[in-house]
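One structure is given here, and the rest of the page talks about it.
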Amino acid sequence: MVRTGNTLLVSATSIELNAASNSDIATVTAVSALSASSSVNMDLSNQTHSLSITGSNAKDTIYGGSAADTFVVNSASVDQTGVGEILDGNGGTDTLVVAGGTTAINFADDTISEIEVLDLTVTSSGAADPYDQTVTMTASQVSALQTINANGGDKLILSTAFSDTLLDNTVLNGTLSLQTANVSNSLKLSDSTM
């Protein structure tokens, strides 16, 4: 584990990081395992301040803290989420950011819990993401979202059957194409509360 400014760079599962109290890394704002050569397990549940968390390019298990964390998935290369990845927000209003490229990201084979916002419009630094994103999720993963931020070319593919209550009480900011996995037609949704 190496510290660069306010960022911790993790190259493998770190027992020290997983056991760290909030005061141990209180000035850290980001934790990144993007350079790890294999899966990492990050348990940041002791943290009470917001963190930007980036996993590796393999199957990770990541638990956020009690604050509003941001889980970043880089779509610049291969699907960064390995089959069976676990992303758990663990409290707070947590955000899943997909940005950086145009690789389709499949979350349908992963476990996503306690993450309330899907953001396809910004990078990990908060700058506007110029790329159109394609994300595949299950209907239950989408139903758990409170907010979806999308740009005109972003697409959400549903891997499972869904009901007419799929987006009940979900706020959509921007324009999103909604498509089922086995159908080439899509429904375009814009700025609304469902």
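What follows draws every value from the coordinates through simple rules; no lab data is involved. Source: prediction; values computed, not measured. In this analysis, Cβ positions are derived from the backbone assuming ideal geometry, glycine residues included, and neighbour counts consider all displayed protein chains.
Overview of results
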{"read-out": "In Hz, Karplus ³J(HN,Hα) per residue of segment 101-115 (6.51, -1.76, 1.60; θ = phi - 60°; x = Gly, Pro)", "value": "x, 10, 5, 5, 10, 10, 9, 4, 9, 10, 9, 10, 9, 6, 10"}
{"read-out": "Cα centroid of segment 1-50 to Cα centroid of segment 128-152, whole Å", "value": "26"}
{"read-out": "Cα-based shape type of segment 135-186, given that a ≥ b ≥ c are square roots of the gyration tensor eigenvalues and the cut on a/c is 1.5", "value": "oblate"}
{"read-out": "Estimated FRET transfer efficiency (ASP24, ALA127; beta-carbon r; R0 25 Å; 0.05)", "value": "0.25"}
{"read-out": "In range of the label at THR102: residues from segment 130-152 whose backbone nitrogen is under 14 Å from the point 7 Å along Cα→Cβ", "value": "130-134"}
{"read-out": "³J(HN,Hα), Karplus 6.51/-1.76/1.60, whole Hz, each residue of segment 6-17, x for Gly, Pro", "value": "9, 10, 9, 9, 10, 9, 6, 4, 10, 4, 4, 5"}
{"read-out": "Share, in percent, of DSSP beta bridges within the chain that are antiparallel, nearest 5", "value": "20"}
{"read-out": "Longest to shortest principal axis, alpha-carbon extents of segment 100-185, angstrom", "value": "34, 27, 23"}
{"read-out": "Gyration tensor (Cα) of segment 1-58, equivalent ellipsoid semi-axes in angstrom", "value": "18, 12, 9"}
{"read-out": "Ratio of Rg to Rh over segment 35-76 (Cα coordinates, Kirkwood Rh, two decimals)", "value": "0.98"}
{"read-out": "Whole-Å semi-axes of the ellipsoid equivalent to the chain (Cα gyration tensor, √5λ, descending)", "value": "29, 16, 15"}
{"read-out": "Candidates ILE86, ILE148, ILE25: whichever shows maximal mean-square fluctuation once the chain is modelled as a Gaussian network with Cα springs under 10 Å", "value": "ILE25"}
{"read-out": "For segment 49-64, Karplus couplings with θ = phi - 60° (6.51, -1.76, 1.60), whole Hz, Gly/Pro x", "value": "10, 5, 10, 9, 10, 10, x, 8, 8, 10, 7, 9, 10, 10, 10, x"}
